[in-house]
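> The structure is given below, and queries will be raised subsequently.
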Amino acid sequence: MKTDVVVIGGGSTGAGVIRDVAMRGFDAVLIERGDLAQGTSGRYHGLLHSGGRYVVSDPESATECAEENAILKRINTNAVEATGGLFVVTSQDDEEYSDGFLAAAHAAKVPAAEIPVSEALRREPRLDPHLKRAFEVEDGTVDGWQMVWGAVRSAQAYGAQILTYHRVTNILREGNRVNAVVVHDERGDEDVRIECGFVLNCGGPWAGKIAELADCHGVEVVPGVGIMIAMNHRLSHNVINRCIHPADGDIIVPVHPVCIIGTTDVHADDADDLPILHDQVQQMLDAGEALIPGFRQSRALHAWAGARPLVKDSRVSATDTRHMARGMSVIDHSARDGVEGLLSIAGGKLTTYRLMAERVVDIMCEKMGENRPCRTADEAVPAAEDTHLYAIGHRLEDVENAGDAPGTQKIICECELVTQEMLESTMDAVPGGNLDDVRRQVRLGMGPCQGGFCSQRATAIAYERGDVDIERATGLLRLFLKNRWIGLWPILYGAQVRQAALDNWIHEGTLDVEHLPQPEEEVVR
Ligand SMILES: Cc1cc2nc3c(=O)[nH]c(=O)nc-3n(C[C@H](O)[C@H](O)[C@H](O)COP(=O)(O)OP(=O)(O)OC[C@H]3O[C@@H](n4cnc5c(N)ncnc54)[C@H](O)[C@@H]3O)c2cc1C
């Protein structure tokens, strides 16, 4: 293959970058080793930052978040829910931090206002009844998968090519200039060489390893791991932040029909190995109790971990990820390593994905001597054209207004209201995909029953359509259940144990999934 620009990494940064590059008229190819947003961008907290979280600790990031928050509400409407947010001082917190909160917010140009505690409790009746103070901010929630898909579809409309399940294995040079990358097709099991004029490394917590493929050593992107837990209800409608210095478990984010408590921040050696420890789970549940008394009594559905791509900050210790800056860094490998045609970008937030792309593509254009301005803030992605901001009732509305007589739409996943039509059009869009590829797009199996009922229905549909033979169908079902189980195991307590037992009876007791016909090799992707 031959192209102008290769973008490595299909997370939010890479998706923003490929869109920007394509909109500026370059030929471009995006390479992602797994599915889109399968790295950090699919394993994060879901908060569209107002900037409030950083007004004291990192005002520059706070301002960027506030500005991008407003832009994303225009260009990614289908992925964003404008829930609003509250910063609250609970009965366990002292008021020192909150005393400086408003002044810091105003200085960073982050819209914020103090509201009476009675009003905060009216909006969110489950909050600690002894709150001391409350501030409203413009937090929202953002579906990382929808946002990434939106940017990628926009890029495709501008002619970009997207290669998922392709891993970059080498970055080649002619003299001191990068001129090609070698990628391995993970599903087709073959190597592809892509000749190019420029490479943009958007590898998130893997960006350092990717830079090494071009012999650029010592790029220290430190994985700062955080765990999150989804609870089976929206216990709040606003994003709830504890009004204290950023700490563990200080934010609850309502996302689709659930809410998510998070997060921790500890250094990991390997971004591919992120264990979820029992004491961290307990710490999150305790933190939830401080904000919402009785938090532990709701059912914990699923836990997961992601790794922040934090660029090493010489001011803090190499393992103190909580205090590393959240801002973005562009690494110019011509200045740093004498390697032309390669830039790396890491850090930042999902909320600032568009701005990160603008910055790195501006630098690339400057190096190429091209004057092509960025237009990504002016144009909505295709899925967001003519669409209002996402609202929790949208799927129900779609099912009710589908034109058929009520009740004729087959619902495959009741928790997330996934219809057979939605499921099949997604299967059409990801030929050769597995059930997790489908899940990431329509949230199959992500609600309260965690795939107990929908997983076998979806498998049967894939088989009946002729997408897979019986052995691969079983393999896909087992892979899907295995991946769900990874996130269930750390939070098995209380009512969730009963749900897990029910799901197990269905899968093992009734369907005997363990002994269904299987392919000779275990299905792994
Ligand atoms: C716990 C946690 C909570 C967070 N909460 C929020 C939040 O609420 N709001 C917010 O705005 N931000 C949040 N963030 C930050 C945000 O999620 C990240 O900044 C953002 O997702 C990073 O995106 P990225 O594209 O740079 O990295 P990634 O999403 O990790 O993308 C990098 C991609 O590179 C791919 N890759 C790696 N090696 C190769 C290779 N050799 N070949 C091809 N592809 C490769 C990976 O598979 C991956 O998909 C959170 C982060 C964490 C960890």
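> So what's the net charge close to Val183: Lys and Arg +1, Asp and Glu -1, counting the other residues with Cβ under 14 Å from its Cβ?
-2
> Reported to two decimal places, what Rg/Rh ratio describes the stretch 53-104 when computed on Cα atoms with Rh from the Kirkwood expression?
Ratio value, two decimals: 1.07.
> Using square roots of five times the C-alpha gyration tensor eigenvalues, list the equivalent-ellipsoid semi-axes of the stretch 86-193 in whole Å, biggest first.
51, 18, 15
> Can you give the local net charge around Gly25? Use residues other than it whose beta-carbon is closer than 12 angstrom to its beta-carbon, Lys and Arg +1, Asp and Glu -1.
Result for the neighbourhood of Gly25: -1.
> Per 5 Å bin from zero, what fraction in whole % of the C-alpha pairs of the stretch 342-492 is there, up to the bin with the longest pair?
Taking every Cα pair in the stretch 342-492, the percentages come to 2, 8, 13, 14, 13, 12, 12, 10, 8, 5, 2, 0.
> For every other residue with a beta carbon closer than 14 angstrom to the beta carbon of Gln161, add +1 if it is Lys or Arg and -1 if Asp or Glu, then tell me the sum.
Charge balance in the 14 Å sphere: -2.
> How much accessible area per residue does the chain have, counting only protein heavy atoms and a probe of 1.4 Å, in square angstrom?
With the other protein chains kept in place, the chain gives 41 Å² per residue.
> Leaving ligands, DNA and RNA out of it, report the carbon-plus-sulfur percent of the accessible area of the stretch 108-240 at a 1.4 Å probe.
Of the solvent-accessible surface of the stretch 108-240, carbon and sulfur hold 47 percent.
> Relative contact order, percent, of the stretch 366-466 when contacts are C-alpha pairs under 8 Å separated by at least 6 residues?
19 percent.
> At 1.4 Å probe size, with the rest of the protein present, what percent of the exposed accessible area of the stretch 427-525 is carbon and sulfur atoms?
C and S fraction of accessible area: 55 percent.
> Any cysteines in the chain with zero other Cys Cβ atoms under 4.7 Å from their Cβ? List them, or say none.
By the Cβ distance rule, which asks for a partner under 4.7 Å, the isolated cysteines are Cys65, Cys196, Cys202, Cys216, Cys243, Cys259, Cys365, Cys374, Cys415, Cys449.
> Kindly provide the trypsin sites (Lys or Arg not before Pro) of the stretch 437-481 that DSSP labels as loop, not H, G, I, E or B, and whose Cβ sees at most 12 other Cβ atoms within 10 Å.
Sites meeting the loop and neighbour criteria: Arg465.
> Dipole size in debye (nearest 20) for the chain around its Cα centre, Lys and Arg Cβ +1, Asp and Glu Cβ -1?
500 debye
> Continuing with the same structure: In angstroms, what radius of gyration and Dmax does the stretch 218-271 have, counting Cα atoms only?
Expressed in Å, the Cα Rg and Dmax of the stretch 218-271 come to 13.7, 44.
> OK, next. Compute the Kirkwood hydrodynamic radius of the stretch 428-525, taking the inverse of the mean of 1/r over all pairs of distinct Cα atoms, and give it in Å to one decimal.
After inverting the pairwise mean of 1/r, the radius is 13.8 Å.
> Here's a follow-up. Using the Cα centre of the stretch 176-293 as the reference point, and only Cβ charges (+1 on K/R, -1 on D/E), how large is the resulting charge dipole? Debye, rounded to the nearest 20.
620 debye
> From zero up to wherever the largest Cα-Cα distance of the chain sits, split into 10 Å bins and tell me the percent of pairs in each.
4, 18, 29, 28, 16, 5, 0
> If you don't mind, there's one more thing I want to ask. Would you mind checking Lys410/Lys482; Lys209/Lys367; Lys109/Lys349; Lys109/Lys132; Lys73/Lys367; Lys2/Lys482 for any pair whose Cα atoms are more than 28 angstrom apart?
Over 28 Å Cα-Cα: Lys73/Lys367; Lys2/Lys482.
> Something else now. If you average the C-alpha positions of the stretch 355-385 and of the stretch 7-34 separately, how far apart do those two centres end up, in angstrom?
After rounding, the separation between the Cα centres reads 11 Å.
> Using only alpha carbons, build the gyration tensor for the stretch 165-285 and give me the equivalent ellipsoid semi-axes, biggest first, whole Å.
Those come to 39, 17, 14 Å.
> Over the Cα atoms, compute the radius of gyration (one decimal) and Dmax (the largest Cα-Cα distance, rounded to a whole number) for the stretch 1-160, in Å.
Taking only Cα atoms of the stretch 1-160, I get Rg and Dmax of 19.1, 63 Å.
> Next question, about the same structure. Counting pairs of alpha carbon atoms under 8 Å apart in space and at least six apart in sequence, what relative contact order in percent does the chain give?
17 percent
> Another one. In whole percent, what relative contact order does the stretch 38-151 give with Cα contacts below 8 Å and a gap of six or more residues?
So the answer I get is 40 percent.
The values are calculated or read from the model by the stated rules, or taken from the named source; none is laboratory data. All of these numbers come straight from a predicted model, not from anything done at the bench. When we count neighbours, we look across all protein chains shown, and the Cβ atoms used for this are built from the backbone with ideal geometry, even at glycine. Heavy atoms of the whole protein, side chains included, go into the accessibility calculation; ligands, DNA and RNA do not. Shrake-Rupley method; radii C 1.70, N 1.55, O 1.52, S 1.80 Å.
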